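The values are calculated or read from the model by the stated rules, or taken from the named source; none is laboratory data. These numbers come from a predicted model, not from an experiment. Cβ: placed from backbone, ideal geometry, glycine included. Neighbour counts: every protein chain shown.
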Amino acid sequence: MTKILVNPEALSPSYLPDKLLYREKEYSQLINNIKNRVNTLVFGSIGSGKTSLVKLAINELKSDVIYVNCLLCSTEYSILKETLPPSRFIVYRSTFELLKELRKIASERKLVICLDNFTQLRDVNVVKKMIELSICVILVGRVERDSPSLNRNVLSNFPCVIRLEEYSVDQTFEILKKRARLALESSSYTDLPLRRIAEKIGGNITMALAVLRAIALKAENEGKTIDEVSLEEMLPQIDFLDELGNDERTIYKILSEWKSLPSSRLYALYVQTAKYPRCERSFRKYMENLRSRGLVKAIGGRKGRIYEIVENNRNEDPKSNGEKL
């Protein structure tokens, strides 16, 4: 079996490149803000490079910048505990003790704390408390509409907003080419499948890289080149995206990332992500259309309904995907 995926790490979500293409201006601004301790909001759509941007900045500065992923640490206690240096001898029993220790550290050196996926915070007051301790805070979220999860008093302390625009098809293609050179055997592919992935996926780099990795693995297992693997065979749902409206496409991309979401949470993410979000009545119509196409299935009645993405199931009977809306 010919080895195609010679460096799989280069296509993994955790891979951090030396630099981010088409993000030079935003990167320079973030570096400058951290050095000058300017509280900053970093916004961008799914797969726009937000996390990579802040992690690259942290790696370059190698200073007192602490990264916390709020998907993993969402409570005030867990976030504060994550900001403190680990110790096998100290057991903190309350947020008061954690704040007391953090205050002591912040008085001794200048701290910068980056909260990624900040809309997952269960108590946004932890941000205010950090600011009151003279800690510089970097908040990272999907879109600017994430900011209503913070009160105006907190937002008034964030004078700078860095917006990451969605990658264009050409930009996505160039990024895929660069990663492919690092990850794949050069004789196993041409630019054609990379271009097709970029056109199908759009500006979501995370998804585009995941698709390329999946195709490379399939080609390797079947003794083919990447050009010989059908993109439609791998992700048959993608064909439908061209037929969807902007709002339906936005909802589908959100659900593709999360796989399963309660209806209320999916609608909230849609409102945050869409440029011009529609009302809940329109949202229900969008979901009915997605379900009728076999792209999404609904579980449960109107109350407590959960939507799930239909994985590689193009021929499934749409009527079987839960109850009618």
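Does LEU16 satisfy being part of a loop (DSSP other than H, G, I, E, B), of a type in the set (A, V, I, L, M, F, W, C), more than 28 Å from ILE251 (Cβ to Cβ) and within 15 Å of the chain's Cα centre (by Cα)? Here the answer is yes, as LEU16 does meet what is asked. Name the residues in the range 76-107 that are within 28 Å of the chain's Cα centre (by Cα) and surrounded by 15 or more Cβ atoms within 10 Å (Cβ to Cβ), would you? Across the range 76-107, the qualifying residues are GLU76, TYR77, SER78, ILE79, LEU80, LYS81, GLU82, THR83, LEU84.
Looking across ASN125, ASN117, one residue alone is polar (S, T, N, Q), at positive phi and at pLDDT below 95. It is ASN117. Given the criteria basic (Lys, Arg), touching a residue at least 24 places away in the same chain (Cβ under 8 Å) and closer than 30 Å to GLY223 by Cα, does LYS50 qualify? It is false that LYS50 is basic (Lys, Arg), touching a residue at least 24 places away in the same chain (Cβ under 8 Å) and closer than 30 Å to GLY223 by Cα.
Which one is surrounded by the fewest Cβ atoms within 10 Å (Cβ to Cβ) among residues in the range 182-220 that are among the small types (Gly, Ala, Ser) and in a loop (DSSP other than H, G, I, E, B)?
Restricting attention to the range 182-220, the residues satisfying the condition of being among the small types (Gly, Ala, Ser) are 183, 186-188, 198, 202-203, 208, 210, 214, 216, 219.
Retained after the next criterion (residues that are in a loop (DSSP other than H, G, I, E, B)): 202-203.
Working: GLY202: 20, GLY203: 23.
The residue in question is GLY202.
The residue that is nearest to VAL229 (Cα to Cα), counting only those in the range 1-40 that are small (Gly, Ala, Ser) and free of Cβ contacts under 8 Å to residues at least 12 places away in the same chain, is SER14.
Within the range 272-301, take every residue that is basic (Lys, Arg) and either farther than 30 Å from LEU150 by Cβ or in contact with a Gly (Cβ under 9 Å, 6 or more places away or on another chain) (or both) and give me the one that is surrounded by the most Cβ atoms within 10 Å (Cβ to Cβ). Give the derivation first.
Start the filter on the range 272-301 by keeping residues that are basic (Lys, Arg), which leaves 275, 278, 281, 284-285, 291, 293, 297.
Imposing the further condition that a residue be either farther than 30 Å from LEU150 by Cβ or in contact with a Gly (Cβ under 9 Å, 6 or more places away or on another chain) (or both) reduces the set to 285, 291, 293, 297.
Numbers: LYS285: 14, ARG291: 22, ARG293: 18, LYS297: 19.
By that ranking, first place goes to ARG291.
Only residues that are loosely packed, with under 13 Cβ neighbours inside 10 Å and at pLDDT 80 or above were counted across the range 134-157, and they come to 2.
I'd like to check something: does the range 239-262 contain any residue that is surrounded by 14 or more Cβ atoms within 10 Å (Cβ to Cβ), hydroxyl-bearing (Ser, Thr, Tyr), at pLDDT 85 or above and under 14 Å from ILE201 (Cα atoms)? Yes; the residues of the range 239-262 include at least one that is surrounded by 14 or more Cβ atoms within 10 Å (Cβ to Cβ), hydroxyl-bearing (Ser, Thr, Tyr), at pLDDT 85 or above and under 14 Å from ILE201 (Cα atoms).
Looking only at the range 108-127, filter to residues that are in a loop (DSSP other than H, G, I, E, B) and under 16 Å from the mean Cα position of the chain (by Cα); which one of those is farthest from LYS35 (Cα to Cα)? Write out each step before concluding.
Quick first cut of the range 108-127, residues in a loop (DSSP other than H, G, I, E, B) only: 109-111, 117, 121-124.
Filter again for under 16 Å from the mean Cα position of the chain (by Cα), leaving 117, 121.
Values: ASN117: 22, LEU121: 26 Å.
Among residues in the range 108-127 that are in a loop (DSSP other than H, G, I, E, B) and under 16 Å from the mean Cα position of the chain (by Cα), the one farthest from LYS35 (Cα to Cα) is LEU121.
Here LYS62, LYS110 are screened, and the one residue that is at positive phi, of a type outside the set (S, T, N, Q) and surrounded by fewer than 19 Cβ atoms within 10 Å (Cβ to Cβ) is LYS62. When the range 161-181 is filtered for residues that are assigned to a helix (DSSP H, G or I), of a type in the set (Asp, Glu) and touching a residue at least 60 places away in the same chain (Cβ under 8 Å), only GLU174 remains. Tallying residues that are of a type in the set (Gly, Ala, Ser) and surrounded by fewer than 19 Cβ atoms within 10 Å (Cβ to Cβ) within the range 158-181 yields 1.
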